[in-house]
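The values are calculated or read from the model by the stated rules, or taken from the named source; none is laboratory data. Computed from a predicted model, the values in this text were never measured in an experiment. Backbone-built Cβ (ideal geometry, glycine too); neighbour counts: all protein chains shown.
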Amino acid sequence: MLMKDTIRAKLTEAFTPETLEVIDESDQHIGHAGYREGGQSHFRVIIRAAHFDGMNRVAQQRAIYGALKEEMVGHIHALALDAGGIG
């Protein structure tokens, strides 16, 4: 399974988002730290979920990193987040 698909599955399970986009931006980081041949190391996530209503940005990011804790160790080098509630 692609890391992009793993990220999507875990965030869907954890937050039941109304909007979720997972974009592999690895090809934009060729030659930079953390880049691996074949990509799957640098991602951008856009997520909107009721779970995040009333949470500040730091709390939202912690929740997302918590849901992806296994992937953040040795798999994902960079994760750009655009998170928010829907209410």
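Assorted remarks:
- Of all residues in segment 56-78, those satisfying the criterion of being farther than 13 Å from Gln40 by Cβ and either touching a His at 6+ places or on another chain (Cβ under 6 Å) or surrounded by fewer than 16 Cβ atoms within 10 Å (Cβ to Cβ) (or both) are Asn56, Arg57, Val58, Ala59, Gln61, Arg62, Tyr65, Gly66, Lys69, Glu70, Met72, Val73.
- Long-range neighbours under 8 Å by Cβ, at least six apart or interchain, first residue free of Cβ contacts under 8 Å to residues at least 12 places away in the same chain and under 14 Å from Phe52 (Cα atoms) within segment 63-87, second outside any loop (DSSP other than H, G, I, E, B) and of a type in the set (Asp, Glu): none
- Considering residues of segment 39-53 that are more than 17 Å from Ala14 (Cβ to Cβ) and not basic (Lys, Arg) only, the residue nearest to the chain's Cα centre (by Cα): His42
- Test: residue in segment 11-21 that is modelled with pLDDT of 95 or more and of a type in the set (Gly, Ala, Ser): yes
- Selection within segment 36-87: residues that are modelled with pLDDT under 95 and of a type in the set (Gly, Ala, Ser). The member of this set that is nearest to Thr19 (Cα to Cα) is Gly87.
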